[in-house]
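K.L.:
Sharing a structure here in structure tokens format.
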Amino acid sequence: MTKCSVYIATSLDGFIARPDGDIEWLHRPEYSESEGLDPSYETFISTVDALVMGRHSFEKVLSFSDWPYKQHLVIVLTTKNLEIPEGLEGKVRFEQGHPDEILKRLESEGMQHLYIDGGITIQGFLKSGLIDELVIAYIPILLGEGIPLFTTLDAEQRLDHVDTTVAKSGIVQSVYKVVKT
């Protein structure tokens, strides 16, 4: 069975981006020190077979100076006709469908651990009962408004706390297992 994990940062007031999608606040020098976080991003990503993200997250990643997922297939969920950017052929694939369908297709391809990224995608997989683990880094900043990590869920979702670590920068990272009912 394929494991679906979330590894994400949020402001203390629960936003993953500013209202316009800006995430530059995550890249401030005072937040670059993540020593002490467990799992580190490098440790986490080394266990992942592929990433599943929405179009908005994909477009944000395309704005970075370097493609951060060199060793991983990225599945972009979109209903729009998009073209794979030059240099990313074979590294990016566009798909559409319900999270259950996406997971079944990826399982049939032998994927054992998926990194689910992007607010809408995370919410869809969570509502479908497909998220197994949440690794959330709380950045010590209040944005006041923005794109929330969580919106309304169809039902209460119980989580089991696994661990919390604190970086020297003040980032607090908590790991939760999703309780399946």
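The values are calculated or read from the model by the stated rules, or taken from the named source; none is laboratory data. These figures come from a predicted structure and were not determined experimentally. Quick reminder, even Gly has a Cβ in these numbers, built from the backbone with ideal geometry, and neighbours come from all protein chains shown. To get the accessible areas, we keep the full protein, side chains included, count just its heavy atoms, and leave off ligands, DNA and RNA. Shrake-Rupley method; radii C 1.70, N 1.55, O 1.52, S 1.80 Å.
K.L.:
Take the alpha carbon atoms of region 126-151, find their center, do the same for region 82-114, and report the distance between the two centers in whole angstrom.
P.N.:
The distance from the Cα centre of region 126-151 to that of region 82-114 comes to 22 Å.
K.L.:
Amide H neighbours of Ala50 under 5 Å, at least 5 residues apart or on other chains, H built in the peptide plane: list them.
P.N.:
Excluding prolines and chain starts, which carry no amide H, the hits are His113, Tyr115.
K.L.:
Shifting gears a bit: With the cut-off at 1.5 for a/c, could you classify region 1-88 from its C-alpha gyration tensor as rounded, prolate or oblate? Please list the in-between numbers first.
P.N.:
Values: a/c = 1.62, a/b = 1.21, b/c = 1.34.
Here region 1-88 falls in the oblate category.
K.L.:
Further, regarding this structure: Amide H to amide H under 5 Å from Val92: which residues, 5+ apart in sequence or cross-chain, H placed 1.01 Å off N in plane?
P.N.:
Correct list: Val74.
K.L.:
Just how many pairs of Lys in the chain have C-alpha atoms closer than 26 Å, counting pairs that are eight or more places apart or on different chains?
P.N.:
24
K.L.:
So for Glu107, Glu24, what's the accessible-area order with a 1.4 Å probe, most first?
P.N.:
Details: Glu107 70, Glu24 115 Å².
My answer, sorted largest first, is Glu24, Glu107.
K.L.:
Would you mind checking which residues have amide H under 5 Å from Tyr7's amide H? H placed 1.01 Å from N; only 5 or more apart, or other chain.
P.N.:
When sequence neighbours closer than 5 places are left aside, the close amide H contacts are Ile116, Val135.
K.L.:
Once phi is turned into ³J(HN,Hα) by the Karplus curve 6.51 cos²θ - 1.76 cosθ + 1.60 with θ = phi - 60°, what whole-Hz value does each residue of region 49-54 show in order, with x for glycine and proline?
P.N.:
Using θ = phi - 60°, the values come out as 8, 7, 10, 10, 9, x Hz.
K.L.:
Here's something else I'd like to know. Most fluctuating residue of Val61, Val135, Val76 in a GNM of the chain with Cα springs under 10 Å: which is it?
P.N.:
Ranking Val61, Val135, Val76 by mean-square fluctuation puts Val61 first.
K.L.:
If you roll a 1.4 angstrom probe over the protein chains with everything in place, what fraction of the accessible area of the chain belongs to carbon and sulfur, to the nearest %? Could the numbers behind the result be given before it?
P.N.:
On the way: 5010 of 9860 Å².
For the chain, the apolar C and S fraction of the accessible surface comes to 51 percent.
K.L.:
What's the longest uninterrupted piece of the chain once you rule out the trypsin sites (Lys or Arg not before Pro) that are loop residues per DSSP with at most 12 other Cβ within 10 Å?
P.N.:
Details: sites that count: Lys70, Lys80, Arg158, Lys168, Lys180.
Of all site-free stretches, the longest is 81-157.
K.L.:
Note the listed values (1) 0.94; (2) 0.97; (3) 1.02, then indicate which one is Rg/Rh (Cα atoms, Kirkwood Rh) calculated from this particular structure.
P.N.:
Correct label, based on the coordinates given: (1).
K.L.:
In addition: What is the sum of charges, Lys and Arg at +1 and Asp and Glu at -1, for the other residues whose Cβ falls under 14 Å from the Cβ of Glu145? Walk me through the intermediate numbers first.
P.N.:
Working: positive: Arg18; negative: Asp13, Asp20, Asp22.
Every neighbour counted, the sum reads -2.
K.L.:
Would you mind getting the Kirkwood hydrodynamic radius of region 109-181 from its Cα pairs, rounded to one decimal in Å? Show your work: numbers first, answer last.
P.N.:
Numbers: mean 1/r = 0.0716 Å⁻¹.
Kirkwood hydrodynamic radius for region 109-181: 14.0 Å.
K.L.:
When the helix-only estimate is applied to the chain (DSSP H runs of n ≥ 4, each -39,500 (n - 2.57), divided by the residue count), what is the mean residue ellipticity at 222 nm, nearest 500 deg cm²/dmol? Spell out each step's value before the answer.
P.N.:
Details: 4 runs with 32 residues, N = 181.
Roughly -4500 deg cm²/dmol at 222 nm, from the helical runs in the chain.
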